[in-house]
Amino acid sequence: NKDEMPFEFANIKIRIGNTYMAFAEAERKTENCIIAIDAYNEALRIFTFEKNPVEYARTYNNLGGAYLIIAEAEKPAENFKNAIDCFKKALEVRTVHDYPKDYALTKNNLANTYTQLSSLENPTYNLKLAVSSYEDALSIYTKQKSSLQYGMTMNNLGNAYGYLAVNENKKQNLEKAI
């Protein structure tokens, strides 16, 4: 019952959202993402910034992921922007000092979203935001502590610089891409 056990209800809604996100990767992307988005939004009626900041941030990070996936099927620019808003809300809690690994994960998600949005609008502006977010993630993802995440983020950063080279400072950005 939502009123008697709100925390449990919200966690169930998150699990429902996660399940539908997995379905969306396999089939009926739009339908399943809409169900997931609705489930995450229901959880956010209970998980507030003030009362449940960790769950609030986790749910917003998941919601951002749902918008990323639905962007592949419909209204890409609008859904990328929705994802960006969600990741920014998650970062209100997931700070570099309090939750460094979650911060890096969310910064990486944010950077990936800016990179994707750059193919639709304001390429230079969005790619610079992507680069900045990747660099923020790399303040946590080091070669020694998180080699896989470090390598993936470095690869993504290199790609962002490569895309940025198309629009400005070709030589300088290509050198950074390498």
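So, in the stretch 40-71, exactly how many residues are more than 14 Å from Lys13 (Cβ to Cβ) and either assigned to a helix (DSSP H, G or I) or of a type in the set (A, V, I, L, M) (or both)?
Qualifying residue count, the stretch 40-71: 11.
Within the stretch 95-137, which residues are among the hydroxyl-bearing types (Ser, Thr, Tyr), open to solvent by 70 Å² or more (accessible area, probe 1.4 Å) and within 14 Å of the chain's Cα centre (by Cα)?
Start the filter on the stretch 95-137 by keeping residues that are among the hydroxyl-bearing types (Ser, Thr, Tyr), which leaves 95, 99, 103, 106, 113-115, 118-119, 124-125, 132-134.
Checking the rest, the ones that are also open to solvent by 70 Å² or more (accessible area, probe 1.4 Å) come to 99, 119, 125.
The answer is none; no residue qualifies.
Between a residue in the stretch 62-74 that is more than 16 Å from Ala111 (Cα to Cα) and any residue that is open to solvent by 30 Å² or more (accessible area, probe 1.4 Å), which pairs come within a Cβ distance under 7 Å, given they are 6 or more apart or on different chains?
Between residues of the stretch 62-74 that are more than 16 Å from Ala111 (Cα to Cα) and residues that are open to solvent by 30 Å² or more (accessible area, probe 1.4 Å), the close pairs are Ile70/Lys29; Ile70/Thr30; Glu72/Lys29; Ala73/Lys29; Ala73/Thr30; Glu74/Thr30.
For a quick check of your reading of the model, give me the residue pairs whose first member lies in the stretch 141-153 and is within 17 Å of Tyr99 (Cα to Cα) and outside any loop (DSSP other than H, G, I, E, B), whose second is open to solvent by 40 Å² or more (accessible area, probe 1.4 Å) and at pLDDT 90 or above, with beta-carbon atoms closer than 7 Å and at least 6 apart or on different chains.
Going by the 7 Å Cβ cut-off, there are no qualifying pairs.
Hey, can you tell me all the residues within the stretch 72-94 that are open to solvent by 30 Å² or more (accessible area, probe 1.4 Å), under 24 Å from Phe9 (Cβ atoms) and part of a loop (DSSP other than H, G, I, E, B)?
Glu92
Which is closer than 26 Å to Glu74 by Cα and either in contact with a Gly (Cβ under 8 Å, 6 or more places away or on another chain) or open to solvent by 50 Å² or more (accessible area, probe 1.4 Å) (or both), of Ala24, Ala43?
Values: Ala24 fails: either in contact with a Gly (Cβ under 8 Å, 6 or more places away or on another chain) or open to solvent by 50 Å² or more (accessible area, probe 1.4 Å) (or both).
When all the criteria are applied, what remains is Ala43.
The values are calculated or read from the model by the stated rules, or taken from the named source; none is laboratory data. Every value quoted in this text rests on a predicted model; they were computed, and no experiment measured them. With ideal geometry, Cβ positions are generated from the backbone for all residues, glycine too; neighbour counts draw on all protein chains shown. Surface areas here come from the heavy atoms of the whole protein model, side chains and all, with no ligands, DNA or RNA. Shrake-Rupley method; radii C 1.70, N 1.55, O 1.52, S 1.80 Å.
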